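Participant: Supplied in structure tokens, the structure appears directly below.
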Amino acid sequence: MFRFGVDYYPEHWSEERWATDAKLMQDAGINTVRLAEFAWSKLEPQDGIFDFDWLDRAIALLAEHGIDIILGTPTASPPAWLMAKHPDAFLVDENGRQRTYGNRREYCPTNRAYLEHSLRVVRAMAQRYAVRDEVFAWQIDNEFGDRCFCSSCAAAFRKWLEGKYGTLAAVNSEWGTVFWSHTYTHWDQIPVPITTGGAPNPGLALDYRRFCSDSYVRFQKRQIDVIREECPETLITHNMMGFGYDKMDYFDLARDVDIVSWDNYQRNQFHGLQADADWRGSALSNDAMRGLKRSNFWVMEQQAGPAGWDIVGVAPRPGELRLWAYQAVAHGADAILFFRWRTARWGTEEYWHGVLDHHGEPGRRYEEIRRMGQELVRIGDEVLGSAPNADVAILSSYDSRFAFQIQGNNPRFSYEQYIASWYRAFHRRNVSVDVIQLAAGLDRYRLVIAPAFHVVTDDDAKRLEEFVKAGGTLVLTARSGVKDETNAATDLRLPGRLRELCGIHVEEYDSLAPDMSNAVRLLDRRISEHGSLAIDCWCDVVALDTATALGAYEDDYYAGKPAISINYYGKGQTVYVGAIGSGEVPEGLASWLIELGRVEKAAESPSGVEVAVRVAGDECLVFVLNHTRERQGITLEGEYADLMDGATHRDNPRLEVPPLDVRILRKRG
Ligand code: GAL
């Protein structure tokens, strides 16, 4: 069954209302709700005194309406009594300031008392609901994240280091603590990198980020172990925050869950009021979340109305909620839950609008979601069992991302935005992309892009070499191979361990100031239609070993020197892109790379119309998503059946898609 649902907080409403809610949900085709992930103080009103009766009644009522349950463990938001009893369980931020009570996510993930309380409430819930078949899945906590710098974390960090390096001598040598006389003679001297310590040693700072991420991975695993013991049949997930979130290694966090889920907000108010929805950003996040386990995923929170905490966000235009949800499906979502059912009357999120407004009467947004729910009752089973199938992978590395957080290299450079610029160039051309880590393996791809692949191990270099040797096309860029795994600068000529593969070395580099710019002239006739590409951030002056130049700088003292090159290596080839600018470089190279890598594209489409494909055996489902406010037409090759109305379209049909609407087609043959 395709899981279609909402995040529901029965504890926010009087019990008399619950039946109306359940009925409205059922009418909208809702078959799943997530419950209880912030209900700790209702579940355990006093230390060790549990009250599950209200939750039993809510689950029973929903079950009567054919609705299954994903239960959230409530550990993201502790009750006041717990934090009053264990004030040392508050998180300490990077400025050394301890959180106080009044929001959420204020706990330290290594605090023993917090862990014990967490495991106790999780076990009590798991024992209670092990017998209820409607509870088919669990969500652990909610959006793991913020780094803690408290004394418990400092002690745990030192243990973690001991486990990793064995001896203090090894720590000193790997981090190069001889610099500025930081040599440690006792484990307890090793600091945590709070801001009062100034710019930290990069080795220590990277290890601390890895440690913080591991702390949540461990905290999650302890909860998972309890649930697996009590409810062995159940699915377990955690709701992540998409590609944009940068404090956790999501590949590690995904390892222990059965299925990845994430929270998908196309137009939230946190970056100011946005007229345009960030649907390309959502495409990237969907693909990045699918890439964590290289498998389909759930959307645990899909935008259901105007977002808002203090500021009230722009209202989603008619059609957008359904369109965004189908976009996630097109990218591999096998479940969509809208956040939230009804807009809260109290609390920080009073203006984060749900399917229903504060008044609780169904309106335009309810009708749109009901339409989708009814459609999924008809087509959901056909969608399940299929998945996107990409020829192209973009490599994402949290080690590199963390390293750039510590040393940004150039204020204009952002690792996330650089990856996004490569992603967008392919997404615009309707090329399906997997966003993965290198360890996932590259065999199935024709083209792999490794933007600013900064922290590189010997093993990484070997994997990339094998991929190219076997016939793959690899794109590596400036700031690759700069660091080893301890975040020390390599003593090899750049790109370090990747030099032979690229067939070049970097003679020198130039980090551009805001009022500086350069341009790259493309030398190869196959790509020269793009002429010249603007550069405003970084210039590697490339010296050719075995590679051939494809582009050269136009200005400055290195005018005429290579900026982009290609190296034939084994049966494949490596393109080195030494210049970083705005999105122009990926945009200028993408069409040529698609041909070079012999990559399949879904279809040509007008700007603002996305075509994405899910494949099942010989069949495929083609999603044509019109993100514009005008009617659009598209011509597809072949023969199609429309999943919604069953109509057949033969001989390269031209199809119309209304504004902010979607067509889902099964390709025949
Ligand atoms: C998500 C979070 C929800 C809710 C929502 C709106 O990130 O998981 O609990 O806070 O944002 O702010």
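The values are calculated or read from the model by the stated rules, or taken from the named source; none is laboratory data. Computed from a prediction, not measured in an experiment: that's the story for all the values here. Note that each Cβ is placed from the backbone with ideal geometry, even for glycine, and that neighbours are counted across all protein chains shown.
One line per residue, one yes/no per condition, for (1) within 16 Å of the ligand (Cβ to nearest atom); (2) of a type outside the set (A, V, I, L, M):
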position	(1), (2)
197	no, yes
209	no, yes
216	yes, yes
226	no, no
270	yes, yes
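Participant: Among (1) buried (at least 19 other Cβ atoms within 10 Å of the Cβ); (2) within 20 Å of residue 432 (Cα to Cα), which single condition is residue 632 missing?
Facilitator: Checking residue 632 against (1) buried (at least 19 other Cβ atoms within 10 Å of the Cβ); (2) within 20 Å of residue 432 (Cα to Cα), the one that fails is (2).
Participant: Which residue out of 344, 330 is more than 16 Å from the ligand (Cβ to nearest atom), touching an Asp or Glu at 6+ places or on another chain (Cβ under 8 Å) and of a type in the set (Gly, Ala, Ser)?
Facilitator: One residue alone meets the criteria, 330.
Participant: Something else: Please enumerate the residues belonging to the stretch 431-442 that are touching a residue at least 24 places away in the same chain (Cβ under 8 Å) and within 16 Å of residue 389 (Cβ to Cβ).
Facilitator: 431, 432, 433, 434, 435, 436, 440, 442
Participant: Check whether at least one residue in the stretch 358-377 is in a loop (DSSP other than H, G, I, E, B) and within 16 Å of the ligand (Cβ to nearest atom), and report yes or no.
Facilitator: Yes, some residue in the stretch 358-377 is in a loop (DSSP other than H, G, I, E, B) and within 16 Å of the ligand (Cβ to nearest atom).
Participant: Given the residues 68, 88, 47, 53, which is the only one that is under 25 Å from residue 298 (Cα atoms) and more than 16 Å from the ligand (Cβ to nearest atom)?
Facilitator: Among 68, 88, 47, 53, only 68 is under 25 Å from residue 298 (Cα atoms) and more than 16 Å from the ligand (Cβ to nearest atom).
Participant: Now a separate question. Tally time: how many residues in the stretch 91-116 are within 16 Å of the ligand (Cβ to nearest atom) and out of contact with any helix residue (DSSP H, G or I) (no Cβ under 8 Å at 6 or more places or on another chain)?
Facilitator: The number of residues fulfilling the criteria is 4.
Participant: While we're on this one: How do the pairs read when you match residues in the stretch 48-70 that are of a type in the set (Lys, Arg) with residues anywhere that are surrounded by fewer than 20 Cβ atoms within 10 Å (Cβ to Cβ), using Cβ under 9 Å and keeping only pairs 6 or more apart or on different chains?
Facilitator: 57/15; 57/18
Participant: Right, here's the next one. Which count do you get for residues in the stretch 286-311 that are closer than 27 Å to residue 10 by Cβ and either within 13 Å of the ligand (Cβ to nearest atom) or in a helix (DSSP H, G or I) (or both)?
Facilitator: Residues flagged as closer than 27 Å to residue 10 by Cβ and either within 13 Å of the ligand (Cβ to nearest atom) or in a helix (DSSP H, G or I) (or both) within the stretch 286-311 amount to 12.
Participant: What's the total number of residues in the stretch 615-647 that are free of Cβ contacts under 8 Å to residues at least 12 places away in the same chain and either within 26 Å of the chain's Cα centre (by Cα) or more than 21 Å from residue 385 (Cα to Cα) (or both)?
Facilitator: Residues meeting the conditions: 1.
Participant: Of the residues 352, 346, which is part of a loop (DSSP other than H, G, I, E, B) and buried (at least 17 other Cβ atoms within 10 Å of the Cβ)?
Facilitator: On inspection, the qualifying residue turns out to be 352.
Participant: Quick check on residue 375: is it at pLDDT 95 or above, surrounded by fewer than 17 Cβ atoms within 10 Å (Cβ to Cβ) and not aromatic (Phe, Trp, Tyr)?
Facilitator: No, not satisfied.
Participant: Could you say which residue among 84, 124, 63 is exposed (fewer than 13 other Cβ atoms within 10 Å of the Cβ) and either out of contact with any Phe, Trp or Tyr (no Cβ under 9 Å at 6 or more places or on another chain) or not in a loop (DSSP other than H, G, I, E, B) (or both)?
Facilitator: 84 is the lone residue from the list that is exposed (fewer than 13 other Cβ atoms within 10 Å of the Cβ) and either out of contact with any Phe, Trp or Tyr (no Cβ under 9 Å at 6 or more places or on another chain) or not in a loop (DSSP other than H, G, I, E, B) (or both).
Participant: Answer with yes or no whether residue 350 is within 16 Å of the ligand (Cβ to nearest atom), touching a residue at least 60 places away in the same chain (Cβ under 8 Å) and not hydrophobic (A, V, I, L, M, F, W, C).
Facilitator: No.
Participant: Using the structure shown, decide if residue 450 is in contact (Cβ under 8 Å) with a residue 40 or more places away in the chain, within 26 Å of the chain's Cα centre (by Cα) and over 18 Å from residue 173 (Cβ atoms).
Facilitator: Yes; evaluated as a whole, the condition is true for this residue.
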